[in-house]
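Participant: Input: one structure, supplied below.
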Amino acid sequence: MKFLDPLLAILIAISSNPMEETTKLLGSKMDIQTTCLAQNIYHEARNESTAGMLAVAHVTMNREKSNAFPSSICEVVYESPHYYVESTGRYIPYRHRCQFSWYCDGKSDDIKNMSRYIQIYILAEQAMQSKFDVTDGALFYHADYVDPDWNKSMTITAKIDAHIFYKPRN
């Protein structure tokens, strides 16, 4: 079992992102950390309101700033134990052991709706420049239709769309 180093997290982000097509549509060069944030928002909250997407962005960025999590957005998004597949030369996340479920649920991580992804990428850029946090410092969230054990030791900071946001109790 291996946790990804920063370079490997970036390589995974690049390989699962239509960067060339996105760059053409944006008309500017993409930033890799923004790309990782946009991928996370896309897979976690693309059908949510703007506030819901911003909330997922803020949790990701709050984790980056926390000493309890990796120190870059890409590392936060792709945090998971991985195993190496020699035949393909790829690191694969262990199923259902990721910080964000989309990354290790066994489903395709391809971006299927480019116009929505472009909107989310622009939102991610804006979120990274903003000092306002709609989650009041949340580091965790889950869908409102589940009740995980870990939330019992947390304080709810927000309920936005289909997600409930938390931070540790002091």
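Participant: Counting only residues that are in contact with a Lys or Arg (Cβ under 9 Å, 6 or more places away or on another chain) and in a loop (DSSP other than H, G, I, E, B), how many does segment 48-85 have?
Facilitator: 5
Participant: Restricting attention to segment 28-47, which residues are in a loop (DSSP other than H, G, I, E, B) and under 13 Å from residue 163 (Cα atoms)?
Facilitator: Answer for segment 28-47, where residues must be in a loop (DSSP other than H, G, I, E, B) and under 13 Å from residue 163 (Cα atoms): 46, 47.
Participant: Would it be correct to say that residue 12 is at pLDDT below 90 and in contact with a strand residue (DSSP E or B) (Cβ under 9 Å, 6 or more places away or on another chain)?
Facilitator: Yes; evaluated as a whole, the condition is true for this residue.
The values are calculated or read from the model by the stated rules, or taken from the named source; none is laboratory data. As the structure is a prediction and not an experimental result, all values here were calculated from the model. Cβ atoms come from the backbone with ideal geometry, glycine included; neighbour counts cover every protein chain shown.
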